[in-house]
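S.K.: This is the structure, below, for whatever I ask next.
The values are calculated or read from the model by the stated rules, or taken from the named source; none is laboratory data. Predicted model only: the values in this text are computed from it and were never measured. Glycine gets a Cβ as well: all are built from the backbone with ideal geometry, and neighbour counts include every protein chain shown.
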Amino acid sequence: MAKAIRFHETGGPEVLKLETVDVGEPGPGQARVRHSFIAVNFIDIYFRTGRYPLPLPEGIGSGLGSDAVGVVEAVGAGVADVRVGDRVGYLLGPQGAYSDVRVMPADVLIPLPAGIDDRTAATIIMKGMTVQYLFRQVFPLKGGETILYHAAAGGVGLIACQWARAIGVTMIGVVSSDEKAALARENGCAHTIVAPREDIAKRVREITGGKGVPVAYDSVGKDTLMASLESLQVRGAFVSNGTSSGPVVIDSTLLAVKGSLWMTRPAMVHYATPRSHMLAMAEELFGLVLAGKIRSEPKQTFALADAADAHRALESRRTVGATVLVP
């Protein structure tokens, strides 16, 4: 048996309940993983509120969480990629990371190098690999660019600050307070804009000498859409990598009016599969961590039973950096 957070209806943080669930033995192609740390990501809120629908089977409800680290306790038939005793992390597979132990597909497990401890790994598996696909695949940065990045002091944002510095990219980071601005700069963000106190697009034009930026990474969505579009160069890229303030609704003619812009809404699963892609992404990320170019530790820690409180903190923007649950 295991302890797991489940919800039986969508809604606020109060729908999250700690329950006892049956785990069982892994079947063919599966592994049982005992978690040490579980990451809390904003996408978890989308699932909890129903913005991203999940099945809620009668009497069972749904698990939550896509990102955790731990140790392999058992493997099923045909599993060759991991062994019992391996330290692993994951970011793909079915929901259910908010638990102390679970059975899951073995082919989504990523072996962790000896030089990266579980606390660090829990903050970089999803968040660091998100930066990898945003910076190296969605809009490949080569160094020398100036970019706009929203939520620069968040869990993904602080890694983005460091990654940008590591590859010679000048990052303009949007944050919500002076304290968060200072934290972003400490992590390598070259310029910060405190919204809504400052006009984002105006400041971007000032920083870039009127040119604008070739790409804007926007995880906020509805509230920052126009600021992002107005910050872009002609034929610039609007990367909508989140919608924390609400969904992005856009008339495609606006993209033409603003300078023949292009827009994409990327999803991790389309960049981290097949398994060979996922492992290559992890290798690049781990290399930067082991080289000291990226450092990451949880800024907020909650007990698994207090997952609802973690969600309240994240939604209220009271958090900086990464948040984790401890079973």
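S.K.: Would you be able to tell me the number of residues in the stretch 278-321 that are over 16 Å from GLY157 (Cα atoms), of a type in the set (D, E, K, R) and free of Cβ contacts under 8 Å to residues at least 24 places away in the same chain?
M.R.: Looking only at that region, the number is 2.
S.K.: May I pose another question? From the list VAL234, VAL239, which one is under 17 Å from the mean Cα position of the chain (by Cα) and of a type outside the set (Phe, Trp, Tyr)?
M.R.: Details: VAL234 fails: under 17 Å from the mean Cα position of the chain (by Cα).
Sole residue among the options that is under 17 Å from the mean Cα position of the chain (by Cα) and of a type outside the set (Phe, Trp, Tyr): VAL239.
S.K.: It is to be established whether one or more residues within the stretch 216-233 are at positive phi and exposed (fewer than 15 other Cβ atoms within 10 Å of the Cβ).
M.R.: No, because not a single residue in the stretch 216-233 is at positive phi and exposed (fewer than 15 other Cβ atoms within 10 Å of the Cβ).
S.K.: List the strands (runs of 3 or more DSSP E) that sit entirely inside the stretch 99-202 and contain at least 3 residues that are farther than 30 Å from GLU73 by Cβ.
M.R.: 146-150, 170-175, 191-194
S.K.: What number of residues within the stretch 120-165 satisfy the criterion of being surrounded by fewer than 24 Cβ atoms within 10 Å (Cβ to Cβ) and at positive phi?
M.R.: Going through the stretch 120-165 one residue at a time, the tally reaches 2.
S.K.: On the basis of being in contact with a Pro (Cβ under 6 Å, 6 or more places away or on another chain) and among the basic types (Lys, Arg), does ARG312 make the cut?
M.R.: So ARG312 fits the description; yes.
S.K.: Still on this structure: Anything in the stretch 88-98 that is assigned to a strand (DSSP E or B) and aromatic (Phe, Trp, Tyr)? List them, or say none.
M.R.: If the condition is that a residue be assigned to a strand (DSSP E or B) and aromatic (Phe, Trp, Tyr), then TYR90 is the only one that fits.
S.K.: Do we have any residue at all in the stretch 188-211 that's assigned by TED's automatic domain parsing to the domain that holds GLY155 and under 20 Å from the mean Cα position of the chain (by Cα)?
M.R.: yes
S.K.: A follow-up question, please. Taking only the stretch 23-44 into account, find how many residues are surrounded by fewer than 24 Cβ atoms within 10 Å (Cβ to Cβ), among the aliphatic types (A, V, I, L, M) and either at pLDDT 95 or above or over 15 Å from the mean Cα position of the chain (by Cα) (or both).
M.R.: Adding up the residues that qualify gives 1.
S.K.: Now for a different question. Kindly indicate whether any position in the stretch 230-243 is more than 23 Å from THR130 (Cα to Cα) and aliphatic (A, V, I, L, M).
M.R.: Yes, the stretch 230-243 contains a residue that is more than 23 Å from THR130 (Cα to Cα) and aliphatic (A, V, I, L, M).
S.K.: Another one. So, of the residues in the stretch 84-109 that are under 16 Å from MET281 (Cβ atoms) and out of contact with any Gly (no Cβ under 6 Å at 6 or more places or on another chain), which turns out to be surrounded by the fewest Cβ atoms within 10 Å (Cβ to Cβ)?
M.R.: GLY93
S.K.: Checking the conditions here, which among ALA322, ALA282, ALA305, ALA310 is surrounded by 14 or more Cβ atoms within 10 Å (Cβ to Cβ), modelled with pLDDT under 95 and in contact with a strand residue (DSSP E or B) (Cβ under 7 Å, 6 or more places away or on another chain)?
M.R.: One residue alone meets the criteria, ALA322.
S.K.: Looking at MET126, MET104, can you tell me which residue is touching a strand residue (DSSP E or B) at 6+ places or on another chain (Cβ under 7 Å), of a type outside the set (Gly, Ala, Ser) and under 19 Å from THR301 (Cβ atoms)?
M.R.: MET126
S.K.: Here is a check on your reading of the model: is SER219 hydroxyl-bearing (Ser, Thr, Tyr), within 23 Å of LYS299 (Cβ to Cβ) and in contact (Cβ under 8 Å) with a residue 12 or more places away in the chain?
M.R.: yes
Rundown of residues vs (1) under 25 Å from THR208 (Cβ atoms); (2) under 13 Å from the mean Cα position of the chain (by Cα), yes/no style:
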position	(1), (2)
VAL88	no, no
LEU91	no, yes
PRO111	no, no
ARG136	yes, no
